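Asker: My structure is below; once you've seen it, I'll send some questions.
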Amino acid sequence: MREKAVRYLRCPHCAGSLSLDGRTLLCPERHSFDLARQGYANLLRRATRFHSDTPDMVGARADFLAAGHFRPLTDALAARAREAFEAAPGSPTDDGCVLDVGGGTGHYQAAVLDALPDGTEGVLLDISKPAVRRAARAHPRLSAVVADAWDGLPLADNAARLILNVFAPRDAAELRRVLRPDGTLLAVVPRPDHLAELVGALDLLRVEEEKADRLADRLAPHLLPADRREITATLTLDHTAVRQVVAMGPNSWHQDPARLAARVAELPPTVTTTLAVTLAAFRPAT
Ligand SMILES: C[S@@+](CC[C@H](N)C(=O)[O-])C[C@H]1O[C@@H](n2cnc3c(N)ncnc32)[C@H](O)[C@@H]1O
Ligand SMILES: [Zn+2]
């Protein structure tokens, strides 16, 4: 947890401001949150009813992303983030943070922070402790927090100048509350042909049609669509990468690992598949 990032957070119980006292976050009502050994804060309000990504899922995601398979998406996100910053330059005293909601291992946020001015602070929320543990080391300017994105965000009003949301949950009213009026939300959703060759060969979950349109419907009236970019690339994956890309997502809840491994073993040694996602920018409604 970076001292400079604390001002963007708020107490999940009483919405009071937080301050750092040694290795404990404290609010004026004396709610307190000890930092974990790895430096992240746990601001969960209560035990959650959601499945959380497991260490195996998080490990597969970290290895797959570190191998650079989704680099076209990472690069597009970093470039669009830079444009958003240039369009809303902010004040020298408080520029607002870059918030990643459901940010996983911090892979995307680290790339975005590298593309933005040096003073920019990153705050990442995720419900999975194994993910947040990794995120806490993903970038020197990244502060990682365990939080439930469906239970109110533990962030101050107007804390964020830019919000990232990549294949992750989004509560429109809360995103609007924490986003500055001149800020931008960058959301990434899969298109129906995302990883389609693997979906067919391995009987994976299918992407709903028109996810980007449904996203815009669900974010209205709080956030309004600005521009949209389609990112498409051909991926060449060996068996290890195929196993990782399946294990890192929701398919890991639905597939028996032994059955999946047997199916992957029957594939040719390298498989060609498609990265097909939409990067959609939204602005707060006025
Ligand atoms: C498909 S992963 C995407 C992670 C990251 N954005 C990426 O693309 O690498 C979805 C993420 O959302 C997190 N998540 C799921 N439900 C959540 C919730 N209610 N609150 C916060 N995070 C949640 C998961 O732990 C996981 O890290
Ligand atoms: Zn409090």
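The values are calculated or read from the model by the stated rules, or taken from the named source; none is laboratory data. Keep in mind that this is a model prediction, so the values were computed, not measured. Cβ atoms come from the backbone with ideal geometry, glycine included; neighbour counts cover every protein chain shown. What goes into the accessible areas is simple: the full protein's heavy atoms, side chains included, and nothing from ligands, DNA or RNA. Shrake-Rupley method; radii C 1.70, N 1.55, O 1.52, S 1.80 Å.
Asker: What distance in nm separates the two pseudo spin-label positions at Ala66 and Arg218, each 7 Å out from Cα along the beta-carbon direction?
Answerer: If labels sit at Ala66 and Arg218, their model points lie 3.1 nm apart.
Asker: Provide the percentage of antiparallel DSSP beta bridges, counting only those with both residues in the stretch 3-284; round to the nearest 5.
Answerer: Details: 29 of 50 bridges.
For the stretch 3-284, the DSSP antiparallel bridge percentage is about 60.
Asker: How far is helix 55-66 tilted, in degrees, relative to the longest principal axis of the Cα atoms in the chain, given as a value from 0 to 90 rounded to the nearest 10?
Answerer: 80
Asker: Looking at the stretch 170-219, which trypsin sites (Lys or Arg not before Pro) are DSSP coil and have at most 15 other C-beta atoms within 10 Å of their C-beta?
Answerer: Filter output for the stretch 170-219: Arg206.
Asker: Given H placed 1.01 Å from N in the peptide plane, which residues other than close sequence neighbours of Arg45 have an amide H under 5 Å from its amide H?
Answerer: HN-HN under 5 Å from Arg45: Asp148.
Asker: Are there cysteines in the chain with no other Cys C-beta under 4.7 Å, and if so, which?
Answerer: Unpaired cysteines in the chain: Cys14, Cys97.
Asker: Same structure again: In whole percent, what relative contact order does the chain give with Cα contacts below 8 Å and a gap of six or more residues? Intermediate values should be presented prior to the final figure.
Answerer: Working: 581 pairs, mean separation 55.3, N = 286.
Relative contact order, the chain: 19 percent.
Asker: Here is a follow-up. Can you give me the pair-distance distribution of the stretch 169-258, C-alpha pairs, 10 Å bins, whole percents?
Answerer: 13, 38, 27, 19, 3
Asker: Can you give me the C-alpha center-to-center distance between the stretch 62-140 and the stretch 147-185, rounded to a whole angstrom?
Answerer: 14
Asker: Taking only the alpha-carbon atoms of the stretch 135-189, what semi-axes of the equivalent ellipsoid follow from 5 times the gyration tensor eigenvalues under a square root, in whole Å, largest first?
Answerer: 18, 14, 13
Asker: Let me ask something additional. For the stretch 4-47 and the stretch 240-268, compute the distance between their C-alpha centroids and round to whole Å.
Answerer: Centre-to-centre distance over Cα atoms comes out at 38 Å.
Asker: Hey, got a sec? Which GluC sites (Glu not before Pro) in the stretch 156-218 land in a DSSP loop and have at most 16 other Cβ atoms within 10 Å?
Answerer: In loop regions of the stretch 156-218 (DSSP not H, G, I, E or B), the sparsely surrounded GluC sites (Glu not before Pro) are Glu208, Glu209, Glu210.
Asker: What is the spin-label model distance, in nm, from Arg23 to Thr234 if the labels are put 7 Å beyond Cα along the C-beta direction?
Answerer: Placing both labels 7 Å beyond Cα along the Cβ direction yields 5.1 nm.
Asker: Just need the relative contact order of the stretch 1-154 here, percent rounded to a whole number, with Cα pairs under 8 Å and 6+ apart.
Answerer: Averaging sequence separation for qualifying contacts and normalising by length gives 26 percent for the stretch 1-154.
Asker: In addition: Would you mind getting the Kirkwood hydrodynamic radius of the chain from its Cα pairs, rounded to one decimal in Å?
Answerer: 19.4
Asker: Another question, then. Students often check this: by mean Cβ neighbours within 10 Å, which of 75-82, 253-260, 62-69 ranks highest, and how do the rest follow? Each step should come with its number before you reach the end.
Answerer: Details: 75-82: 18.4, 253-260: 12.5, 62-69: 16.9.
With the highest mean Cβ count within 10 Å placed first, the list reads 75-82, 62-69, 253-260.
Asker: If you take the square roots of the eigenvalues of the alpha-carbon gyration tensor of the stretch 1-114 and sort them as a ≥ b ≥ c, do you get rounded (a/c under 1.5), prolate (a/b over b/c) or oblate?
Answerer: The shape class here is oblate.
Asker: Quick check: the angle from helix 71-87's long axis to the longest principal axis of the chain, C-alpha only, nearest 10 degrees?
Answerer: Compared with the principal axis, the helix lies near 30 degrees.
Asker: I've got another one for you. Counting heavy atoms of the protein chains only and a 1.4 Å probe, report the per residue accessible area for the chain as a whole number of Å².
Answerer: 45
Asker: While we're here: May I ask what percent, to the nearest 5, of DSSP beta bridges between residues of the stretch 12-137 are antiparallel?
Answerer: Details: 7 of 11 bridges.
Once the DSSP bridges in the stretch 12-137 are tallied, antiparallel ones form about 65 percent.
Asker: Once both labels are modelled 7 Å past Cα along the beta-carbon direction, what's the Ala226-Arg30 spacing in nm?
Answerer: 4.5
Asker: For the chain, what is the mean residue ellipticity at 222 nm derived from helices alone (per DSSP H run of n ≥ 4: -39500 (n - 2.57); sum divided by total residues; nearest 500 deg cm²/dmol)?
Answerer: Mean residue ellipticity at 222 nm (helix-derived): -9000 deg cm²/dmol.
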